[in-house]
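Quick notes on the structure that follows.
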Amino acid sequence: MTNQPLKGIRVVDFTVAGAGPAAGKMLADWGADVIKIEPLTGEAGRVTGLTLGLRADEEQNPHEELKDGNKRSVPLNLKDPQGMEVMERLLGTANIFISNYRLKALKKLGLDYESMSARHPSIIWGILTGFGTEGPAADNPGYDTVAFWARSGAMIDLCEKGETPLTPPFALGDFGTAGTLAGACAACLYQQAETGKGEKVMVSLYGQAIWDNAAIMQAEYHGNMWPKSRKTPDSPLRNTFKCKDGTWVMVSILTYERFYPAMCHAIGRDDLAGDERFCTEVAMREHKTELMDILDPVFQTKDYAEWDRLLNEADIAHDRINHIVDTITDEQAVANNFVYNFTNRDGTKDLLVSTPVKFGTPDPIAHKNAPLLGEHSVEIMTELGYSAEQIQAMADTGAVLVHK
């Protein structure tokens, strides 16, 4: 089993939808005791799987497993003083609090950083927003489609030039931003252990998108604009080509002068190695359309398997352009347990994607099914010192929900 360096750390996970819960899932996979706090009706993300054409019920809910596996659940009515009392007891035992509720909602509940740190000065308070905590859009609603893809420019500038904006992949921005929040909170644990001091951690979908596109932003600042066309890329040696069998291959040469002669040899055109139009990157930029006109028909003379052999012999970075469905059974993904099977509550086998960090070995983390709504209420409240009678009384008044 993979090492879990966060064993002994407690996280109060007050999140909803995709990015926030995914951050909690990463911390849980790293060994933390992550306690999911949600409304008595359950947070809306529990049924997000329906949007993807998946089941989303107690017996089978694969998308919920992706975001909330390895956690425990206690639904609380935070508008009820007794529900908030349970929350306060939990926070008193926690190292980390994470949320992606809007700041005005947290402030109304007294769960904003200023209020919480006054009561729990050692807590690490992590917030994931759409657009950041400052500026005119600070309190705007922002799923990754809006904050990560649309406002950042990625939705229209990362597609083929002249085409309509791309249809953004579901939750891609969410899961990347989740990793940033989880890592940032984990980093603060050192300060907490050394000084007892908490910290305020802020990440956003918009900020993540800007960071992810940092290299392109710099290029555009200096006049190298996107979107691009594959017919006129920055470099034809960092581009896609269609092979004889219909397979597409991505070739990626970053040190142009070093690998240009090897590329010429691999494609059987040693005569191009000394061609002054192409033999330096500076010269190539003036003649890249001509080079593309040479390379495109050459790649269509051989199947991908033959190009794979030739490019490997030349030590040129490349790979087949797969569809996402191909990755489910990709031997490289399976060998590293990037994807693996788990068992649903109804006994059926299902696919799970592993969080990307491994400690010690590449084995998958032992997966515990995502908690049913209120599955651990009695267990957690007992740990906090409540008696069975107190727990039942609070369940009867609607301060807490206990799964039956």
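Tabulated values for the structure
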quantity	calculated
Shape of segment 250-293, Cα gyration tensor, a/c cut at 1.5	rounded
Extended-chain gain in nm, criterion 0.36 nm per residue less alpha-carbon gap, Tyr221 and Thr361	46.2 nm
Linear extension gain, Thr41 paired with Asn3, 0.36 nm per residue minus alpha-carbon span	10.2 nm
Span from the segment 354-404 Cα centroid across to the segment 1-67 one, whole angstrom	11 Å
Surface per residue (accessible, 1.4 Å probe) for the chain, Å²	49 Å²
Diffusion coefficient, µm² s⁻¹, Stokes-Einstein with Kirkwood Rh over alpha-carbon pairs of segment 19-65 at 4 °C and 1.567 mPa s	111 µm²/s
Value of Rg to Rh for the chain (Rh from inverse mean 1/r over Cα pairs, i.e. Kirkwood)	1.06
Cα Rg over Rh - segment 249-394, Kirkwood	1.31
Shape call, segment 201-293: gyration tensor on alpha carbons, a/c limit 1.5	prolate
Net dipole in debye of segment 124-196 [+1 Lys, Arg Cβ; -1 Asp, Glu Cβ; about Cα centre; nearest 20]	20 debye
Sequence-separation-based contact order of segment 310-404, relative, with Cα cut under 8 Å and 6+ spacing, percent	18 percent
Local net charge near Lys161, Cβ-Cβ under 12 Å (Lys/Arg +1, Asp/Glu -1)	0
Rounded percent of accessible protein surface that carbon and sulfur make up, the chain, 1.4 Å probe	56 percent
Simple label model, 7 Å out from Cα along Cβ direction - Arg230 to Cys159, nm	1.6 nm
13 Å beta-carbon shell around Gln332, net charge (K/R +1, D/E -1)	-3
11 Å beta-carbon shell around Gln191, net charge (K/R +1, D/E -1)	-1
Cα-only radius of gyration and Dmax that characterise segment 61-127, units Å	13.0, 39
Using alpha-carbon coordinates, inclination of helix 172-195 to the longest axis of the chain, degrees	60 degrees
Cα-projected label distance for Glu290 with Asp330, points at 7 Å along beta-carbon direction, nm	3.7 nm
Rounded FRET efficiency, nearest 0.05, which uses the C-beta distance separating Ala283 from Arg119 and R0 of 56 Å	0.30
Alpha-carbon gyration tensor eigenvalues x 5, square-rooted, for segment 264-341, Å	33, 14, 12
Virtual spin-label span in nm between Lys200 and Leu172, 7 Å along Cα→Cβ	3.3 nm
Residue-level accessible surface for Tyr304, protein heavy atoms, 1.4 Å, Å²	20 Å²
Per-q log10 I(q)/I(0), segment 168-234, q = 0.14, 0.21, 0.26 Å⁻¹ (Debye; single scatterer per alpha-carbon; no solvent)	-0.63, -0.93, -1.08
For segment 108-168 and segment 293-318, distance of Cα centres in Å	42 Å
Using alpha-carbon coordinates, inclination of helix 304-313 to the longest axis of the chain, degrees	80 degrees
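The values are calculated or read from the model by the stated rules, or taken from the named source; none is laboratory data. Here the structure is a predicted model, which means the values were calculated and not measured. Positions of Cβ are backbone-derived with ideal geometry, glycine not excepted, and every protein chain shown enters the neighbour counts. For the accessible areas, the whole protein counts, side chains as well, though only heavy atoms, and no ligand, DNA or RNA atoms are used. Shrake-Rupley method; radii C 1.70, N 1.55, O 1.52, S 1.80 Å.
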